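Okay, handing you the structure first.
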Amino acid sequence: MKKLVDAVQAALAAEHATVYGYGVVGGRISEDRRDEARQAHDAHRARRDALRREARDLGAEPEAAAAAYALPFAVPDSAAAVRLAAELEDRLAGAYADLVRAGEGARRREAAGALREAAVRSARWRGSGVAFPGLTEHSDGEDADPSGSPAESATSDPL
């Protein structure tokens, strides 16, 4: 049960960061992609709210949002906003991959759906996808990168 609660809280923290990040994306994205950014922002707010409810249902106090999050790079223009949106979705996929592993039944299906949505959004923003979204760089910190050092958790750095 603790592993499930931790995974829900990590996904919630990742959604908080993603909602914040899409605020930045929306302010820099070109007009032709603004609706796409708005729809993603709305979808992430809905997922965030659902995860808050889920944390409470599991007897936990939902993870609070930070006042601000550090961005992984400067976002001065629309091209950088597109890269940020793809990065947000990639990092979120890692949190949902953990929730898939921790959940069962309907929770696992819901987490798998969220993982799939993040992967699809990432591919749309980037123009290409990855073979195993959420798993390539993230697996309970047990995987190693090519240099042999432990991989960093996608949720350890809010953005």
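Using only Cα atoms, what is the ratio of the radius of gyration of segment 1-99 to 2.2 N^0.38 Å?
Details: Rg = 14.0 Å, N = 99, 2.2 N^0.38 = 12.6 Å.
Here the Cα radius of gyration is 1.11 times the empirical estimate.
On to the next question. Ranking S78, S122, S30 by Cβ neighbours within 10 Å, fewest first, what do you get?
S30, S78, S122
Packing-wise, with mean Cβ within 10 Å as the measure, how do 21-27, 59-65 rank, highest first?
21-27, 59-65
Please go through segment 39-120 and write out the chymotrypsin sites (Phe, Trp or Tyr not before Pro) that DSSP classes as loop and that have at most 13 other C-beta atoms within 10 Å.
Within segment 39-120, the qualifying chymotrypsin sites (Phe, Trp or Tyr not before Pro) (loop, at most 13 other Cβ atoms within 10 Å) are F73.
A43: net charge of surrounding residues, Cβ under 12 Å, Lys/Arg +1, Asp/Glu -1, itself excluded?
-1
FYI, it's all coordinate maths here, none of it is from the lab. Note that the structure is predicted; figures quoted are calculated from it, not measured. Neighbour counts are summed over all protein chains in view; Cβ atoms, including those assigned to glycine, are modelled from backbone coordinates with ideal geometry.
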